[in-house]
Amino acid sequence: MFVNDCLNINEKGHLTIGGCDTVELAKEYGTPLYVLDETTIRNTCRAYVNSFKKFYNGNGMPLYASKALSCKELCRIANEENLGLDVVSGGEIYTAVQAGFPMEKVHFHGNNKTADEIRFAIKSKVGKFVVDNLYELELLDEIAGEEGITANISFRIKPGVDAHTHNFIRTGQIDSKFGFALETGEAFNAVKKTIKLKNVNIKELHCHIGSQIFDIEPFVTAAEIMIDFIAKIKNELGINIPELNLGGGFGIMYTEKDEPVPYENYMEKVSVAVKEKCSQYGIDVPFIYIEPGRSIVGEAGITLYTVGSKKEIPNIRTYVSVDGGMTDNIRYALYQSDYTVLNASKANQEPNDIVTVAGKCCESGDLIQENTKVADPQAGDILAVLSTGAYNYSMASNYNRIPRPAMVMVKDGQPIVIIKRESYEDLVRNDV
Ligand code: LLP
């Protein structure tokens, strides 16, 4: 059976998370229900922070990529654990402001920030703008001038490293909607352009090579390419870029097939490469940021559903329908993502039934997992889908006017609601 650190089975044969009985949680808060384990989240934050202390003289900071799960409680935890924040929209900025997050530790990403978002970010005192394109650079310079500030900026660079699979390639990344290409000279010209601009101050270069990556090598390669570029900028333009942001993408375990690398190993290997390159070039080692999202919250979260109808189609398959689906977890419908599904009510039984777990939406593709092994799922049982902490709630919708589920955080065996369940009233709130 798949069990990560926060999961266990109690004497009733029920799945537990952070010491709480999931069947009891389902009874108390209703289903579908997102449940997060606070200790797991904090431990991962600490592993990243400590990896900078251990391997890079503390000369860096992880930023929590809040697109994985943006809510006030996560912002508060990230702050308490000494992380900064990566945001990609006015809404994520607003969430951070509402949580009292120190905004100077916020990096604002996105390939099409609107003028309103830029103004809102400036008013909210966001620390850094990760500029994606020349249109944005000019717009930001103009708005910063109007607002009477100098904006600290980073440039999003396409380093030519594509690591969306277990293998990685070093070319062919020009076709991406994000950032400036290195090999065409686009990135260099963009940096050159900042010399003429009065209201922006270039402090950092940024790259992000993909998500759910299990290799360390592509991160090391990307870091080396970025240092080469920092050295070129210094030599040819005399501009000193003191900070380097290497993005996120560290892989997590969804099923037993996944083998994540211990998180501190990334900084261990990257530090060696960065220090070596910098000493070759005779330049100062940069302050380094990384931007983990999925790995901070992914494995810490599960989703609980109640089983309803069951449909056996002879010689084809058996559908087991639950009371949620693509509205709370669109990742199978969108990416055919693997998940582990457990019968939380019968967690000590062998998962011998091969079933397709379907959602309740009016959509044939509304599936959570196909042909997966679950222990004797019957109406009324509570099913748990594991590793749903990242990119589930944050990608949820109200399709079919289904309210978004509540989210509960467990800590020291105690659950607290951190996001309330949407009501029918919430659904019509903006209808006129
Ligand atoms: N930094 C940047 C600039 C990013 O674009 C991303 C993710 C991250 C950091 C965080 O990456 P992570 O550590 O979470 O892998 N919806 C997809 C994932 C999209 C990731 C987009 N960017 C999914 O559900 O798998």
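The values are calculated or read from the model by the stated rules, or taken from the named source; none is laboratory data. It should be emphasised that the depicted structure is a prediction, and the values quoted were computed from it without experimental measurement. FYI the Cβ positions are ideal-geometry reconstructions off the backbone, even for glycines, and counts take in every protein chain you see. Surface areas here come from the heavy atoms of the whole protein model, side chains and all, with no ligands, DNA or RNA. Shrake-Rupley method; radii C 1.70, N 1.55, O 1.52, S 1.80 Å.
Every residue in segment 193-228 that is away from the ligand (no atom under 16 Å from the Cβ), open to solvent by 30 Å² or more (accessible area, probe 1.4 Å), out of contact with any Asp or Glu (no Cβ under 9 Å at 6 or more places or on another chain) and not basic (K, R), please. Within segment 193-228, I195, N201, E217, D228 qualify. Screening segment 64-73 for residues that are part of a helix (DSSP H, G or I) and within 13 Å of the ligand (Cβ to nearest atom) and picking the one that is surrounded by the fewest Cβ atoms within 10 Å (Cβ to Cβ) gives K67.
Counting only residues that are assigned to a helix (DSSP H, G or I) and of a type outside the set (K, R), segment 76-87 holds 4 of them. As for segment 411-426, it holds no residue that is assigned to a loop (DSSP other than H, G, I, E, B) and within 16 Å of the ligand (Cβ to nearest atom). Residues in segment 376-410 that are within 16 Å of the ligand (Cβ to nearest atom) and not β-branched (V, I, T): L386, S387, G389, A390, Y391, N392, Y393, S394, M395, A396, S397. Just so you know, in segment 279-308 the residues that are in a helix (DSSP H, G or I) and either acidic (D, E) or within 14 Å of the ligand (Cβ to nearest atom) (or both) include one that is surrounded by the most Cβ atoms within 10 Å (Cβ to Cβ), and it is I296.
Can you confirm whether E276 is without any contact (Cβ under 8 Å) to a residue 40 or more places away in the chain and not in a loop (DSSP other than H, G, I, E, B)? Yes: the conditions hold for E276.
Can you work out which of the residues in segment 332-363 that are of a type in the set (D, E, K, R) and surrounded by 19 or more Cβ atoms within 10 Å (Cβ to Cβ) is farthest from the ligand (Cβ to nearest atom)? Once the filter is applied, the top-ranked residue is K346. Do you know which residues across segment 311-331 are assigned to a strand (DSSP E or B) and surrounded by 16 or more Cβ atoms within 10 Å (Cβ to Cβ)? Scanning segment 311-331 gives T318, Y319, V320, S321, V322. The sole residue among C20, C45 that is modelled with pLDDT of 95 or more, under 16 Å from P292 (Cβ atoms) and open to solvent by less than 20 Å² (accessible area, probe 1.4 Å) is C45.
Among the residues of segment 364-402, those identified as touching a helix residue (DSSP H, G or I) at 6+ places or on another chain (Cβ under 8 Å), over 23 Å from Y29 (Cα atoms), part of a loop (DSSP other than H, G, I, E, B) and open to solvent by 10 Å² or more (accessible area, probe 1.4 Å) are G365, D376. Residues of segment 254-278 that are under 26 Å from K203 (Cα atoms) and open to solvent by less than 20 Å² (accessible area, probe 1.4 Å): Y266, M267, V270, S271, A273, V274, C278. Kindly check whether there is at least one residue in segment 368-375 that is within 16 Å of the ligand (Cβ to nearest atom) and touching a residue at least 24 places away in the same chain (Cβ under 8 Å). Yes - at least one qualifying residue is present in segment 368-375. In segment 45-63 there is no residue matching the filter, namely being within 22 Å of I419 (Cα to Cα) and not hydrophobic (A, V, I, L, M, F, W, C).
Residues checked against (1) part of a loop (DSSP other than H, G, I, E, B); (2) within 15 Å of the ligand (Cβ to nearest atom); (3) farther than 26 Å from F155 by Cβ:
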position	(1), (2), (3)
E236	no, no, no
I252	yes, yes, yes
E256	yes, no, yes
M267	no, yes, no
